[in-house]
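Written below as structure tokens is the structure these notes are about.
The values are calculated or read from the model by the stated rules, or taken from the named source; none is laboratory data. Quick caveat: nothing in here was measured; it's all calculated off a predicted structure. Note: ideal-geometry Cβ built from the backbone for every residue, glycine included; neighbour counts use all protein chains shown.
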Amino acid sequence: MSHTIQRHHTSARMSKIARFGDLIFLCGQTSSGTPFADVASQTREVLGRIDALLAEVGSQRSRILSATIHLKSMADFAAMNASWESWLAGAAAPARTTVQAKLASDSLLVEITIIAAA
Amino acid sequence: MSHTIQRHHTSARMSKIARFGDLIFLCGQTSSGTPFADVASQTREVLGRIDALLAEVGSQRSRILSATIHLKSMADFAAMNASWESWLAGAAAPARTTVQAKLASDSLLVEITIIAAA
Amino acid sequence: MSHTIQRHHTSARMSKIARFGDLIFLCGQTSSGTPFADVASQTREVLGRIDALLAEVGSQRSRILSATIHLKSMADFAAMNASWESWLAGAAAPARTTVQAKLASDSLLVEITIIAAA
């Protein structure tokens, strides 16, 4: 008998959270895309959203297993890493992959996809 | 003692399905790459393949946990979403990430990678 | 009561391995980026690193569930596949997705992200 899937913030297109047993999948998190926001502030906004979503299902940043980071421009790698490492400080870091990719809107500079443990 | 991994449609390069316990990993699904097929029809073909693969292991579209969508051109975002949402109608939506990336062949416009629950 | 997460090679930025229950997440593996190394040799180096990391947690290439391959240029697809298939020989192949993406450094031609079973 298989576990139930728990979903949160579900639209016709996607759920922001899908939980199955002890595994939590978040949809790719971006900033709100405010024009002129740089990658440091967009990364901080993304990480704040991840904190909030994980908290909803009783998890937290120290329980992240895997992070896939898509950057609009690899020129932003160092600035994104500075925001990322500042955020992680005191929490054990997950496995991570970072590549360059164009995101859904031109104003978006960074998108982070998380798999976490409950 | 660890679970057995069940694989289906295994070639020297990849398996279309790898199942481990209650988790199902599908290889990235593309259309057959018929020239001149637009993204709406390619997306429908991809989603039909996902239905068929999930059915082989007793799962279904309402059991998808995570979808990673690579689009050759983000200009196809709205058309892909229309096919996607039409397909999901009546099934709870998974976590999802969509980014732009060049795919293995120039004729391919969309590739979808699924993690699902049994 | 949730499982403990085991991490290995953890820096301020990431862990090379995050294990949760029977699931193992590796950070994206690249070669050391030696200038002028072609994709065949970079792929072999990447796969050797994956072997070593999996061995640390009692897993192996035949226990890989999912591989996400980012290639700097899809022109390298055939050469990467030749190294990949040569490496897999005798081990059952995982689910796999391959797309083109610029990687963190210009000298890197291929990055492979693995989810494996313990």
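Laid out as a table, the results:
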quantity	calculated
Residue that is nearest to the other protein chains (Cβ to nearest Cβ) [pool: residues in the range B:50-76 that are part of a helix (DSSP H, G or I) and surrounded by fewer than 17 Cβ atoms within 10 Å (Cβ to Cβ)]	B:SER62
B:SER15 vs. criteria free of Cβ contacts under 8 Å to residues at least 24 places away in the same chain and surrounded by 14 or more Cβ atoms within 10 Å (Cβ to Cβ)	yes
Single condition A:HIS3 does not satisfy, out of (1) under 30 Å from C:ASP106 (Cβ atoms); (2) modelled with pLDDT under 95	(1)
Flag for A:PHE25 being aromatic (Phe, Trp, Tyr) and touching a strand residue (DSSP E or B) at 6+ places or on another chain (Cβ under 9 Å)	yes
Verdict on C:ASP106 being in contact (Cβ under 8 Å) with a residue 60 or more places away in the chain, away from chain B (no Cβ under 12 Å) and out of contact with any Phe, Trp or Tyr (no Cβ under 7 Å at 6 or more places or on another chain)	no
Matching residues, the range C:16-37, being at the interface with another protein chain (Cβ under 7 Å from one of its Cβ atoms), within 15 Å of the chain's Cα centre (by Cα) and outside any strand (DSSP E or B)	C:CYS27, C:GLY28
Selection count, the range B:77-103, where residues are facing chain A (nearest Cβ under 8 Å), under 18 Å from A:ASP106 (Cβ atoms) and not aromatic (Phe, Trp, Tyr)	6
Positions within the range A:2-15 being over 16 Å from B:ALA67 (Cβ atoms), hydroxyl-bearing (Ser, Thr, Tyr) and either at the interface with chain B (Cβ under 7 Å from one of its Cβ atoms) or outside any loop (DSSP other than H, G, I, E, B) (or both), in sequence order	A:SER2
Selection from the range B:62-88 of residues that are closer than 15 Å to B:ASP38 by Cα, of a type in the set (Phe, Trp, Tyr) and touching a helix residue (DSSP H, G or I) at 6+ places or on another chain (Cβ under 7 Å)	B:TRP84
